[in-house]
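> Got a structure for you, written out below as structure tokens; questions coming shortly.
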2 protein chains.
Amino acid sequence: MQPDSELMIGEVAALTGLPSKTIRYYEESGIIESARRNDNRYRTYSQIDVQTLRFVAHARSLGFSLKDVGELLSLYRDRNRASKDVRRLALVHLTDLDRRIADLQAMRNTIADLAQRCHGDDRPECPIIEELEGAPNRRKR
Amino acid sequence: MQPDSELMIGEVAALTGLPSKTIRYYEESGIIESARRNDNRYRTYSQIDVQTLRFVAHARSLGFSLKDVGELLSLYRDRNRASKDVRRLALVHLTDLDRRIADLQAMRNTIADLAQRCHGDDRPECPIIEELEGAPNRRKR
DNA sequence: GATGGGGCTTCCAGTAACTGGAAGGTCAAG
DNA sequence: CTTGACCTTCCAGTTACTGGAAGCCCCATC
């Protein structure tokens with residue numbers, strides 16, 4: 001119950017799950033504002049800063065880019081935000097995730113099929129090598 | 001029907017679907033050996049080189065790392081390879097793909113759920129922001 | 001008082017796999 | 001002779017960190 005307790009970066013790291021290095025990196029890259037410093041030039045953080053960093057960590061864990069996180073943060077702080085702006089960001093991200101999942105899934109299925117058809121013994125015959133050797137390559141994007 | 005025709009990098013690019021820049025990059029990073037040069041110091045390639053680059057392109061399109069592609073290439077060239085070595089590489093890659101797909105799928109589901117519950121209008125209330133604000137962050141890996 | 005151990009600081013480099021761009025050489029056509 | 005389309009090398013930027021070096025600050029101990 002100390003509303004104005006100032007934390008050092010290691011404590012914030014423990015509270016948010018983010019490495020200290022990453023917190024400094026977020027500051028350096030402008031995703032969060034520069035931390036205040038105490039007499040030792042050490043960074044100090046408030047509970048609000050911890051909340052902000054938790055927000056960032058959570059958005060990152062959902063796969064949003066740092067650029068997106070920046071926009072989400074400003075929407076988060078904007079009491080007059082329109083939820084459609086947040087939703088639009090989320091939907092763009094969703095589309096991107098779906099595309100990436102589909103790409104990986106296609107690779108996965110091909111690999112699984114090839115691996116399943118490969119004897120996996122000491123002989124050289126191998127459908128995986130044959131596929132790589134012969135099949136035309138797919139276009140990306 | 002010219003078995004010893006020498007191609008320039010642009011032609012190889014057209015034949016393999018790989019940008020010239022990427023072919024040079026593969027050479028520089030040691031994934032393929034240095035191309036012979038003609039009198040102008042231009043790189044020249046044989047049909048075998050084209051085959052090798054197609055192999056590389058295809059392996060890359062299946063998501064193998066360049067390091068893996070290097071190993072696959074040496075297995076490809078090894079007439080005494082054991083198919084189990086190829087298969088092992090593929091299975092490790094498969095595991096990695098599955099993990100990445102699962103990670104993305106989890107994100108995707110969360111985002112889809114949040115976006116679906118968001119009104120997406122001009123009002124500020126937004127379950128997406130609330131989730132980022134409040135929920136504990138998941139551990140990666 | 002010297003020393004040791006954390007934690008903090010900055011700065012530099014490396015990761016993966018390219019991609020973009022600058023500056024310049026070569027060659028054939030018009 | 002100049003243009004245009006190739007080719008060359010080299011450097012920088014991308015994404016989101018992560019590792020490591022060198023050095024300060026503070027506290028505890030011998």
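The values are calculated or read from the model by the stated rules, or taken from the named source; none is laboratory data. Quick caveat: nothing in here was measured; it's all calculated off a predicted structure. We place every Cβ from the backbone using ideal geometry, glycine too, and count neighbours over all the protein chains shown. Just so you know, the surface numbers come from the protein's heavy atoms only, side chains and all, with ligands and any DNA or RNA stripped out. Shrake-Rupley method; radii C 1.70, N 1.55, O 1.52, S 1.80 Å.
> Given the options A:Val86, A:Val69, name the one that is more than 8 Å from chain B (Cβ to nearest Cβ) and more than 30 Å from B:Leu53 (Cα to Cα).
Result: A:Val69 is the single residue among A:Val86, A:Val69 that is more than 8 Å from chain B (Cβ to nearest Cβ) and more than 30 Å from B:Leu53 (Cα to Cα).
> Still on this structure, please answer the following. With the structure loaded, tell me whether B:Glu71 is outside the structural domain of B:Ile32 (by TED's automatic domain parsing), open to solvent by 60 Å² or more (accessible area, probe 1.4 Å) and under 18 Å from the mean Cα position of the chain (by Cα) or whether it fails that test.
So B:Glu71 fits the description; yes.
> Which ones in the range B:48-59 are open to solvent by 20 Å² or more (accessible area, probe 1.4 Å) and within 16 Å of DNA strand D (Cβ to nearest atom)?
Answer for the range B:48-59, where residues must be open to solvent by 20 Å² or more (accessible area, probe 1.4 Å) and within 16 Å of DNA strand D (Cβ to nearest atom): just B:Asp49.
> Can you tell me which of A:Ser29, A:Ser61, A:Ser34, A:Ser20 is closer than 25 Å to B:Ala106 by Cβ and of a type in the set (S, T, N, Q)?
Only one candidate qualifies: A:Ser61.
> If you don't mind, there's one more thing I want to ask. Could you list all residues from the range B:48-69 that are part of a helix (DSSP H, G or I) and more than 9 Å from DNA strand C (Cβ to nearest atom)?
Scanning the range B:48-69 gives B:Ile48, B:Asp49, B:Val50, B:Gln51, B:Thr52, B:Leu53, B:Arg54, B:Phe55, B:His58, B:Ala59, B:Ser61.
> Please count how many residues of the range A:13-22 are part of a helix (DSSP H, G or I), within 14 Å of DNA strand D (Cβ to nearest atom) and in contact (Cβ under 8 Å) with a residue 24 or more places away in the chain.
So the answer is 1.
> Cβ contacts < 7 Å: first residue facing another protein chain (nearest Cβ under 7 Å) and over 17 Å from A:Gly10 (Cβ atoms), restricted to the range A:49-62; second residue of a type in the set (Lys, Arg) and surrounded by fewer than 22 Cβ atoms within 10 Å (Cβ to Cβ), any location; separation 6+ or different chain. Result?
Note: pairs meeting the criteria are A:Ser61/B:Arg138; A:Ser61/B:Lys140.
> Which condition does B:Pro127 not pass, out of (1) open to solvent by less than 60 Å² (accessible area, probe 1.4 Å); (2) within 7 Å of another protein chain (Cβ to nearest Cβ); (3) over 22 Å from the mean Cα position of the chain (by Cα); (4) not β-branched (Val, Ile, Thr), if it passes all the others?
Unmet condition: (2).
> Turning to a different aspect of this structure: Which of the residues that make up the range A:48-69 are touching a helix residue (DSSP H, G or I) at 6+ places or on another chain (Cβ under 9 Å) and of a type outside the set (A, V, I, L, M, F, W, C)?
Residues satisfying the conditions are A:Asp49, A:Gln51, A:Thr52, A:Arg54, A:His58, A:Arg60, A:Ser61, A:Gly63, A:Ser65, A:Asp68.
> Can we say A:Asp78 is over 21 Å from A:Ile9 (Cβ atoms) and more than 9 Å from chain B (Cβ to nearest Cβ)?
no
> Within the range A:74-84, restricting attention to residues that are surrounded by fewer than 18 Cβ atoms within 10 Å (Cβ to Cβ) and in a helix (DSSP H, G or I), which residue is farthest from DNA strand D (Cβ to nearest atom)?
Among those that are surrounded by fewer than 18 Cβ atoms within 10 Å (Cβ to Cβ) and in a helix (DSSP H, G or I), it is A:Lys84.
> Would you check which residues across the range B:22-47 are at positive phi and open to solvent by less than 80 Å² (accessible area, probe 1.4 Å) and list them?
B:Gly30
> Only one of these conditions is not met by A:Asp121: (1) of a type in the set (D, E, K, R); (2) modelled with pLDDT under 95; (3) open to solvent by 60 Å² or more (accessible area, probe 1.4 Å). Which number is it?
All conditions pass for A:Asp121, except number (3).
> Pick from the range A:23-47 the residues that are among the polar types (S, T, N, Q) and outside any loop (DSSP other than H, G, I, E, B): which of them is nearest to DNA strand D (Cβ to nearest atom)?
A:Thr44
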